[in-house]
Every structure is written in C-alpha cells, then in structure tokens.
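Participant: Have a look at this one.
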Amino acid sequence: MTTLDRRDQIAWITSQAAEARVNLEFESEGMTLNIGPQHPATHGTLRFVVQLDGEQVVACEPVMGYMHRGYEKLCEVRTYLQITTLINRIDWLGSFANEVPFILAAEKLMEIEAPPRAQWIRTILFEMSRIANIVLFLGEMGLQLGAITPTFFAFRDREFVLNQIEAVTGGRFHPNFDRIGGLKDDLPKGWVEDTKAVMKKIRVFCDEIEELLMGNEIFQARTRGIGIIPGQVAQQFGLTGANLRASGVDWDLRRDAPGPLAWPEVEWKVWTHPDGDSFARYWVRLQEVRESTLIIDQLLDGLPAGPIMAKVPRIIKVPEGEAWVSTENPLGEMGYYIISKGGLEPFRCKIRSASFSNVSVVPWVMRGVYVPDVITILASLYFILGDIDR
Amino acid sequence: MSTVFAVELAWWQATAVKLAVVSLLVPAAALILGYVFLLKMMSHMQSRLGPMEAGPHGTLQLVADGIKFIQKEDLFPNNADRFVFKIAPIVVLVSTFLLWVVLPAGPDLVVEQLDPGIFYALAVSSLSVIGVLMAGWASANKYSLLGGLRAAGQLIAYELPMVLAVFGVVIQAETLDLQGIVSAQATQEIFGFGGLGNPFILTQAVGFLIFLAAVQAELTQPPFDMPVAESEIVGGYQVEYTGFRFLFFFMGEFATAFVFAGIASVLFLGGWSLPPFLMDLLGIDQGSNIMNLVGPAVLFLKIMFVSFLIFWVRFTYPRFREDQLQAFAWKVLIPLSLANIVVTGVMKVLL
C-alpha cells in the first residue's frame, strides 16, 4: 500500500466495490430446469431442457422421441387400407385430415380420381377436423395462460363438431372413413342442416373467445411482442400453417396447391398477420376457424350429386412409382411420400408432419425470454405430440 | 357471548367454546366456499357436467374429495428437509386461524376484541408467507423453489397496497379496532343523510377495489397465481405435497378467502350491522342482544358477496407474468392508494 497514495487507494477501492456490485447484480449461478417429459404445457411426453439465469432463459433445447411409434416402418408391412387406421392417430385432434393426403398420394399412384361428391365431402370433413383441432387450441392457450373458462367452452363446442363427424363416419377420433377412390359412405339424412346449425354455434364461440380472451388486457400483455418470429426466419426453419401465416407470409396449400379437393370451388380468404408474435398466431387461428365455418357452409350449399366411389379394383395393388402429396392440415403442411414397388404394401412411406418442423424454431425463439413466456410461446406454436414423434 | 344465551361462563369455559368455534369455522368455511363457488358457480359458468354427479345436485362431491385426500399415502421427496416439509402447511393454516380471532360477528361475538385490531389482522395474515417459503424450500424441487420465491416476492409486494388501502378506512373511522370500525359505519352520515349509515364502500370505493386486488394476490389466485401457476411450474410450492398435507394448503386457501372476505366486509360494507333505517324499522338497537343472532347472518351474506367477486375474477382472468405483476403493485396500486390516503385525509379535515 505504500506505493499508492491516498487518492489512488480510494479510487482502487471504489472500482473494486463497483465491480463487486456489478457482479452481484448481473451474475448468478445458472439453473437447469427440465420442462417435461411430463408437464401440462408440453401436451404430452416432450421434454425441454431449459438453462435459466434467474427466471430468464439462456438456452432451450427440445428433446423428442419419448413416444416414437415407428409409423413409417409400420407402413411398410401393412396394406394401404390398413395404413389409414394408423395415420389418423398422428395428429389425434384433427384425425380425418391426416388420412386425406395419404389417400390422395395412393390415388395419384394408381391414377384414380374420386368422383366430385366424394371430393366435396372429403373437403367438408377435412375442414371440420380443422375446426375440432383449432377450437381446442383456442381454449387450451387460455389454460396455459391461467384462464380456465375458455378451455371448457372449447370442449363444449368441440363436442358438437365431433358429433357431426361421428354421424358420418362412426368415429369421433379415428374415423377411418377415407378410401382409395372415394369414401366409405354417403352423408346421413338431415346431416346438412345439423351441420349448418353447428357452424353457427362455432361462430358464436369465436365471438365469445374474442371478447373473453383476446379482448383481455392481461392476455394481450402476455402475448403481444412475445416470441416474435420474423417471416424470413419462419421460412428458414420450415414453419408452415398458421405459424407461418402469423409471420406475414401469405402461403396456404389450400389455395396454392389444392389438388383435386374442393377449395377452389368456393370463396374464402387466407388470413395473415404481420407481427409474428404469440398474439398474431392466436389471432390467425381464430380467423381460420371462422373462415372454415364459412367454407363448410358454402360447400354444403353446393354439394354435387352423384356417386361417392370411383371404380376401384377389389384388391388394391399399387403400381410401381413414387408420389408426394401434401395438404394444409390444421397444424401446417402434412405430406406423404410413398415409394411403391408394386404390390399390396408401400415399399417406403415418408411422413412429413407439421409440428416436427414447427417445433424446430423453439431454440431460436426462446433465447432471453422469461419462464412464463416459454409457456406462452409453446402454447402459441401449438404442436400435437403425436405429430412430432411419429 | 354469554348474555344472549343467558348463561354465565367462567373465563376458561368461554375460551374453550371460542377455541372450538374457531377451529370448526376453518373447515366449515373451506367447505362452504368450495361447494358454493368452486363446484357450483364455476361449473355453471363453464358449462361443466362433472360436479353434478355425486349425491343430489353434486352435494357429496367435496366429501368424496376429502375422503380421497385422506386415503392417499404420505409422501416425502428424497432430499426434502422432512421437519420443515411437514410443518409448512400447518404454518399456513395457523395464519388463517389467527385471523379469525379478531373478526367480529356481533356486538359480543368476537373471540378477542383488540384495540389494534386491523393492524393485528394484517400482521398475522403475512405469516403465511413463511409457510409458503418453507414449503418451497423444503421440497427440494426446482419448480417449488421457483414457486416459493415468486410467492415471497408477490406477497411482500401486495402487503403494501393492502395496508395502504385500509388507511383510508382507519382515517374515516378514527379507530383501528374492528368493532369500532363497524359502529362507525353504522352511525356516521354522508352529507347529512344517515339512513344507510356510512358503509365505507361509498366513500372508499377505490380503497375497496385496491383491497380486493391485494386479497386476490395474497390468496395467490388468478390473475395473481404466478406462485402456483399449474400450467407452468405445476403448482409451485405445492407440487410435492400429497394427500392430507395438500388438503391443508387447500383448506388454508379457501378459509383465508373466507376470512379476508369477512375483513373486507367489516372494513367496507358495514360488517355485521344492518343499515340504521332497517334497524329503526325492526326496532332493534345496534348493541342489543338480538344482534348477536342477526349479526352473523348479515355478515355471512356480505362475506358471500365479497367471495363471489373474488371467485368471479378467479374463474375469468388469465394470469399476469411475474414482472407485470410486480409492476402492477408498485406502479399502479401503491400510488393509487397513496393518492386515496391524501384525498381522504384532506376531506376528513375539510368536512
């Protein structure tokens, strides 16, 4: 201390003290928190390893595969008709929509075209499973943010849609209704009127949710500006569906690549939102449900008469070849790539599901947010676990 | 208490009766609120079918729940601090018991009439923070640690607006004694009109709202349920608790809601007393014995009204984030309640 005079000493002590204070304020021991594999916010057995500094996220890594069921391999030892009973379990909330792209791919390989009435009914049921799926999201997101009431409203109104699906297909969760070349059955009597009444109820539900949840200041404070994914980043990570449209990218396979399905026959609109935050994702999905009810109403009005099944061989043998068909499923783009070497079973079946790609953005979007925001973002990205682990 | 039933009791006998009543009131209050609001009101609001099945109109559901809880195994996490883990729910429940001690339900129906009554009530209500922190720490679980720390931050932040909201009432009533506050509301006049007395909600509406918000936060209920947020930290400090110990937390929450609703109705709605014109009509005197019978019923109705408000908000709102919650306390509620105190003080001097 002899070499320092008093002024230097004071300066040295002050700088040390300041450093110590800075350390106290800004450095803390990190903590690793496992969100999952069993956690209400992960909708199933999915695990997020989160590195925390206080309550702030440093890194977040999804760990998948806890309920992998090996569908792609199972498809290789089953006939085409048997495969439909597997694949509608992939996204179990919008199950009919899973069957359609697979059947379309098989039809493409066999060069069969289903009659128009079948395509229209397919489209109607497709949109109904979209409603059944997204209505649950609209309630579930409230639950993740602590509002319990919207969830029960969602369950109540989803029931009406499931009843209508059940009336046609006989199944609520696993319809197994789509066949190569058409559909199993025609619509039952009086179904059209009942469905229109249900669509009216769904629109009322959307208004309720808009008032109860989206109009709520706390909900807006929790979701606006949280988990922003710019459009370019979303495209780079391969996001599809409402997650992409909420980032301002105007991309919807229903409009851009409808295939033989009936969407181009009716008037409707693709909704996008420029913000790319959690609120935008919620808003886009709500608008989509509304739009779906309108699509169904129009399709029901213009339902063509005629057969529901094309001429198909009794034993389905698919000729050699490859086919890729994807559709705009409730969660985003879902596609099947079938390689056939001829015969009863596909040689190889690759499934591209929407949630798997949608979740890939999680490590990027989670940096620097708080633990409660992790839940908000996970809820708003909206994945079904079966759709991630196939 | 003794006069209305026309028996004279020794001090120890009276104390025994009071103790029995208070210890029965806690589970009774939890049962009433649980049944009326948690089961009936919530399921009607949310179109739920479940709570209609057990017993006529679902009356036996809570009994079934209670039996289920008692049957469960008493589990401890591996690294838990066993003693602290065991005692934490009891600490939470004790704070509720202590709150009942000062709550008046009639001219003589109060366990202990304390001069610093409301001061005591607010002080013992914050005891529960210690229990919550103990539970969060002793569970040796990261979720419960996060929940316990969040709870501590939140309960400390909302203690302040709660105390400040009561200030306005105390200034108007010129006493800290809860009985004094009740009689002040029964006898004061607003602008020369005394028919309704002066229930302080008319002049302290801002204070009432701040008090309700703070109560909501103290009970860790939505929109302030960050510490127990079941979709994020899976129940927070309660996550490792099973069976009877969890039931203690549950009972503590509902009984505290009941007693806080009681304190709110004593402070702002006139407590057990009826409006003066009604008492004139019925020919009852404020201090008469009959009020020992009528008073509890009146207070009960007011408590149910305040609880309804508390639970209505609980079932409707999403939850705040931790920083938003703190900002709401420090940037909105506390300045508002300070302004309320200033205005009340100035009006008190001027009028």
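Participant: Return the FRET efficiency for the residue pair A:LEU303, A:ASN163: r is the Cβ-Cβ distance, R0 is 22 Å, and the value is rounded to the nearest 0.05.
Facilitator: For A:LEU303 and A:ASN163, the calculated efficiency is 0.65.
Participant: Moving on to the next point. Could you please report the charge total around A:LEU74, scoring K, R as +1 and D, E as -1 over all other residues with beta-carbon less than 15 angstrom from its beta-carbon?
Facilitator: +3
Participant: Rounded to the nearest whole Å³, what is the per residue volume of the convex hull around the Cα atoms of the range A:149-241?
Facilitator: 158
Participant: Could you give the angle, 0 to 90 degrees to the nearest 10, between helix A:95-110's Cα long axis and the longest principal axis of the Cα atoms of chain A?
Facilitator: The angle comes out near 60 degrees.
Participant: Give the ranking of A:MET67, B:MET162 by solvent-accessible surface, highest area first, calculated with a 1.4 Å probe.
Facilitator: Result of the area sort, largest leading: A:MET67, B:MET162.
Participant: R0 = 60 Å: FRET efficiency of A:ILE339 with B:ILE156, Cβ-based, nearest 0.05?
Facilitator: My answer for the efficiency is 0.40.
Participant: Let me cross-check B:PHE254: its accessible surface, 1.4 Å probe, with only protein heavy atoms counted, in Å² to the nearest 10?
Facilitator: So the heavy atoms of B:PHE254 present about 0 Å² to solvent.
Participant: Take B:ASP280, project a point 7 Å from its Cα along the Cβ direction, then tell me which residues of the range B:163-200 have their backbone nitrogen under 14 Å from it.
Facilitator: Correct set: B:187-190, B:192-198.
Participant: Taking Cα centroids, how far is the range B:136-214 from the range A:65-100 in Å?
Facilitator: Measuring centre to centre over Cα atoms gives 58 Å.
Participant: With a sphere of radius 14 Å drawn around the Cβ of B:ILE181, what net charge do the other residues whose Cβ falls strictly inside it have (Lys, Arg +1; Asp, Glu -1)?
Facilitator: -2
Participant: Per residue of the protein assembly as shown, what 222 nm ellipticity follows from adding -39500 (n - 2.57) for every DSSP H run with n ≥ 4, rounded to the nearest 500?
Facilitator: Taken over the protein assembly as shown, the calculation gives -17500 deg cm²/dmol.
Participant: While we're looking at this one, here's another question. Between the range A:275-325 and the range B:61-93, how many Å separate their Cα centres?
Facilitator: The range A:275-325 and the range B:61-93 have Cα centres spaced 51 Å from each other.
Participant: For the pairing of chain B with chain A, what total accessible surface becomes buried, with a 1.4 angstrom probe, in square angstrom to the nearest 100?
Facilitator: 2500
Participant: For the range A:200-328, what are the per-bin percents of Cα-Cα distances with bins 10 Å wide, up to the bin holding the maximum?
Facilitator: 11, 30, 30, 18, 9, 3
Participant: One quarter of the convex hull surface, Cα atoms only: what value does that give for the range B:249-341 in nm²?
Facilitator: With the hull built on Cα positions only, its mean projection is 8.7 nm².
Participant: Modelled label-to-label distance, B:ASP115 and B:GLU230, 7 Å Cα→beta-carbon offset: nm?
Facilitator: 4.7
Participant: Also, I was wondering about something else. Averaged across the residues of B:223-233, what count of C-beta atoms belonging to other chains lies within 10 Å of each residue's C-beta?
Facilitator: 6
Participant: When only alpha-carbon atoms are used, what values of Rg and Dmax, in angstrom, describe the range B:198-276?
Facilitator: Cα radius of gyration and Dmax of the range B:198-276 are 15.9, 51 Å respectively.
Participant: Among A:ILE339, B:ALA264, B:PHE254, flag the residue with its Cα farthest along the positive direction of the charge dipole of the protein assembly as shown, charges on Cβ as +1 for Lys/Arg and -1 for Asp/Glu.
Facilitator: A:ILE339
Participant: How about the range A:132-152: which of its residues lose at least 10 Å² of accessible area in the presence of all protein chains relative to their chain isolated, using a 1.4 Å probe?
Facilitator: Residues shielded by partner chains are A:LEU143, A:GLN144, A:LEU145, A:GLY146, A:ALA147, A:ILE148, A:THR149, A:PHE152.
Participant: Once fully extended, how much extra length lies between A:GLN82 and A:ARG367, figured as 0.36 nm per residue of separation less the alpha-carbon to alpha-carbon distance?
Facilitator: 98.3 nm
Participant: What residues of the range A:352-378 lie in the reach of a label at A:MET67, counting those whose backbone N is under 19 Å from a point 7 Å from the Cα along Cα→Cβ?
Facilitator: A:352-360, A:378
Participant: Once each part is reduced to its C-alpha centroid, what is the distance from the range B:283-348 to the range B:96-116 in angstrom?
Facilitator: 18
Participant: Next up: What cysteines in chain A have no other cysteine with a beta carbon less than 4.7 Å from their beta carbon?
Facilitator: Lacking a cysteine Cβ partner under 4.7 Å: A:CYS60, A:CYS206.
Participant: Using only the alpha-carbon atoms of the protein assembly as shown as identical scatterers, what base-10 log of I(q)/I(0) does the Debye formula give at q = 0.05 Å⁻¹?
Facilitator: After summing over all Cα pairs, the log10 values are -0.34.
Participant: Take the Cα of A:LYS317, step 7 Å along the line toward its Cβ, and report every residue of the range A:103-147 whose backbone nitrogen sits under 20 Å from that point.
Facilitator: Taking a point 7 Å out along Cα→Cβ of A:LYS317, the residues of the range A:103-147 whose backbone N falls under 20 Å are A:106-113.
Participant: Given a 1.4 Å probe, how much area per residue of the range A:237-390 is accessible, in Å²?
Facilitator: Value returned for the range A:237-390: 35 Å² of accessible area per residue.
Participant: For the pair A:ALA257 and B:ALA140, how long in nm is the line joining their label points, each one 7 Å along Cα→Cβ?
Facilitator: Roughly 5.4 nm, to one decimal.
Participant: Same structure, new question: Give the lysines whose C-alpha is closer than 16 Å to that of B:LYS68, dropping any in the same chain fewer than 8 places away, or say none.
Facilitator: Within reach: none.
Participant: Counting only protein heavy atoms and using a 1.4 Å probe, what share of the accessible area of the range B:134-289 belongs to carbon plus sulfur, as a whole percent?
Facilitator: Carbon with sulfur: 70 percent of the solvent-accessible area.
Participant: Could I ask something else about it? Grab the Cα-Cα distance for B:LEU49 and B:VAL206, subtract it from 0.36 nm times how many residues apart they are, and report the gain in nm with one decimal.
Facilitator: Additional length available on full extension: 52.7 nm.
Participant: Relative to the longest principal axis of the C-alpha atoms of chain B, give the angle of the C-alpha long axis of helix B:178-187, reported between 0 and 90° and rounded to the nearest 10°.
Facilitator: Tilt relative to chain B: about 40 degrees.
The values are calculated or read from the model by the stated rules, or taken from the named source; none is laboratory data. For clarity, every value in this text was computed on a predicted model and none was experimentally measured. Note: ideal-geometry Cβ built from the backbone for every residue, glycine included; neighbour counts use all protein chains shown. Ligands, DNA and RNA are stripped out before the accessible areas are found, and what is left, the full protein with its side chains, is counted by its heavy atoms. Shrake-Rupley method; radii C 1.70, N 1.55, O 1.52, S 1.80 Å.
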